[in-house]
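S.K.: Before I ask anything, here is the structure I am working with.
Where a number appears in this text, it was derived from the coordinates with a stated rule and is not lab data. Every value quoted in this text rests on a predicted model; they were computed, and no experiment measured them. Please note: Cβ atoms are built from the backbone with ideal geometry, for glycine as well, and neighbour counts cover all protein chains shown.
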């Protein structure tokens, strides 16, 4: 059995529950409750890692639709160093964007962390790209050139709760076998 066929094997009920946990937990949460968190993440990353935004060049003002296909909402990232923005929208809202990146929550998370290769995800059709592909490539290159883990910078935005957030993330990854 090849690695890709093993990866696509039917998950056990526990694995299925864990894979769907983020969606199940977030479905009833009003986006207004989550929005301050997303604003804090964008602001923190822009302040602590300005080189990420600078690396985007002319694409820094573009609007990137980030679609974790297994979550009840999408995100729009505008990586403008002076006014960074990360906003959540319900799927039916269809927010305006220049480029789109879609994949499962965990694949997107692992890609941001650098533990999965965006090109490999794209060619295996586990990642979909739409719109301004040049902007998406610039974002991918900026993340690839990011010293350390971009995900660590995101977790760092939780301030005093960074430790528990990192622990929760590690627990999710451990349970799902990553």
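S.K.: Quote the relative contact order of region 32-176 in percent (integer), defining contacts as alpha-carbon pairs under 8 Å separated by 6+ residues. Let's see the in-between values first.
M.R.: Details: 214 pairs, mean separation 34.7, N = 145.
For region 32-176, the relative contact order is 24 percent.
S.K.: Please work out whether region 100-148 counts as rounded, prolate or oblate from its C-alpha gyration tensor, where a ≥ b ≥ c are the square roots of the eigenvalues and a/c under 1.5 means rounded, while otherwise a/b larger than b/c means prolate and anything else oblate? Please report the intermediate quantities before stating the final value.
M.R.: Details: a/c = 1.83, a/b = 1.10, b/c = 1.67.
It is oblate, given that a/c is not under 1.5 and a/b is not larger than b/c.
S.K.: Expected output is a single nm value to one decimal: the length gained when fully extending between residue 32 and residue 92, i.e. 0.36 nm times separation in residues minus the C-alpha distance. What is it? Walk me through the numbers on the way to the answer.
M.R.: Details: separation 60, 0.36 × 60 = 21.60 nm, distance 1.61 nm.
Result: 20.0 nm gained on full extension.
S.K.: Using 0.36 nm times the number of residues separating residue 40 and residue 160, minus their current alpha carbon distance, what extension gain do you get? Write out the running numbers ahead of the final one.
M.R.: On the way: separation 120, 0.36 × 120 = 43.20 nm, distance 1.32 nm.
Using 0.36 nm per residue and subtracting the Cα-Cα distance, I get 41.9 nm.
S.K.: How would region 32-176 be classified by its alpha-carbon gyration tensor: rounded, prolate or oblate, with rounded meaning a/c under 1.5 and the a/b versus b/c comparison settling the rest? Write down the numbers at each step before the final one.
M.R.: Details: a/c = 1.22, a/b = 1.11, b/c = 1.10.
It is rounded, given that a/c, with a ≥ b ≥ c, falls under 1.5.
S.K.: Roughly what would the spin-label model give for residue 125 and residue 170, points 7 Å off Cα along C-beta, in nm?
M.R.: According to this spin-label approximation, the distance is 3.8 nm.
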